[in-house]
1. Which GluC sites (Glu not before Pro) does the range 1-97 hold that lie in a coil by DSSP with at most 15 other beta carbons within 10 Å?
2. With a sphere of radius 12 Å drawn around the Cβ of residue 30, what net charge do the other residues whose Cβ falls strictly inside it have (Lys, Arg +1; Asp, Glu -1)?
3. For residue 166, give me every one of the lysines with a C-alpha distance below 22 angstrom, ignoring sequence neighbours fewer than eight places off in its own chain.
4. Near the amide H of residue 63, under 5 Å away, which other amide H atoms are found, from residues 5 or more places off or on another chain, if H is placed in the peptide plane?
5. Using modelled amide H (1.01 Å from N, peptide plane; none on Pro or chain starts), what sits under 5 Å from the amide H of residue 193, excluding residues fewer than 5 places away?
6. Provide the net charge surrounding residue 109, with neighbours chosen by a C-beta distance below 12 Å and charges set as Lys +1, Arg +1, Asp -1, Glu -1.
7. Taking one equal scatterer on every alpha-carbon of the chain, how large is log10 of I(q)/I(0) by Debye at q = 0.08, 0.10 1/Å?
8. If we count every other residue with Cβ under 9 angstrom of residue 222's Cβ, Lys/Arg +1 and Asp/Glu -1, where does the sum land?
Amino acid sequence: MSTTIRSVFITGANQGLGYNTVHQLAQTPNMVLFMGARRMAAAEEAITQLTPDIHPTSRVFPVYIDLANEKSIPEAKETVAAKLKELNVPGLDFLINNAANSEGPDILVLTINIASTIAIKDTFYPLLNKGGEIINISSDLGSQALHAARPPIRPPPKLKTYCATKAAMNNLTLQWAFEEEEKGTGIRVVAICPGLNATSMAHFMAIGMHPSEGCKVMVKEVLTPSGKSGVFFNKDGPLPW
């Protein structure tokens, strides 16, 4: 990981958990943050909102990326690579796969949550610094152990595909972590469950915490990395796979 500048690319970052993660990280020194968003106008507006809080030594840049449009992924990588070169920053320290879809046609949920996440990891991988980290934003709804427990967790039927994609993301987290361990790159891969948050994806459910609270487990992993890889956890500690 670079020693003076910490660089982060996060998808789905113009609202909800992603926005609050960027907002809190931007208040710390020496951060280069790339706000991935499928609507550039929304990203630019979000950056305008948080600009008064950005630390003088930190920067936030909007990056167009639409997980439903595979062509946008390599374009986003080139945008990030060009900006890193311009700033003389050697690469990315953190790749945060945050964007997701919980409803809609099954094929769309699968594409956004899994196929595009794989494509992002593969495309952005050359930018990752040795000793960097891939953070997959998962959910306890993806825990096979909790689904198999008695009594099991019982999410709404309309979320069955979402649950399956988060289980797949957890499995990918393990596979990618093992691959990096075998290659000796020092790159860590973790899955984080931020809990139920009152975001648009959760229809702003009143029982959900504010995303400024939910994102803290993500922010903490960037600012003070656990140093672990192949782990699944929330703010309270490890979660069962």
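Nothing in this text is a laboratory measurement; each read-out follows from the coordinates by a stated rule. Keep in mind the model is a prediction, meaning the values are calculated, not measured. Don't worry about glycine lacking a Cβ; one is built from the backbone with ideal geometry, like all the others, and counts go over all protein chains shown.
1. Details: sites: 44, 45, 70, 75, 78, 86; in loops: 70.
Taking the range 1-97 and a limit of 15 other Cβ atoms within 10 Å, the loop GluC sites (Glu not before Pro) found are 70.
2. Details: positive: 6, 59; negative: 93.
Surrounding charge for residue 30 is +1.
3. Partners within reach: 121, 158, 216, 220, 228, 235.
4. Sorted by chain and number, the residues that satisfy this are 35, 36, 37.
5. Those qualifying (amide H under 5 Å, at least 5 residues apart or on another chain) are 138, 233, 234.
6. Numbers: positive: 158, 160, 166; negative: 103, 106.
Net charge around residue 109: +1.
7. These q points yield log10 I(q)/I(0) values of -0.27, -0.42.
8. Values: positive: 6, 220; negative: 93, 133, 221.
Result for the local shell: -1.
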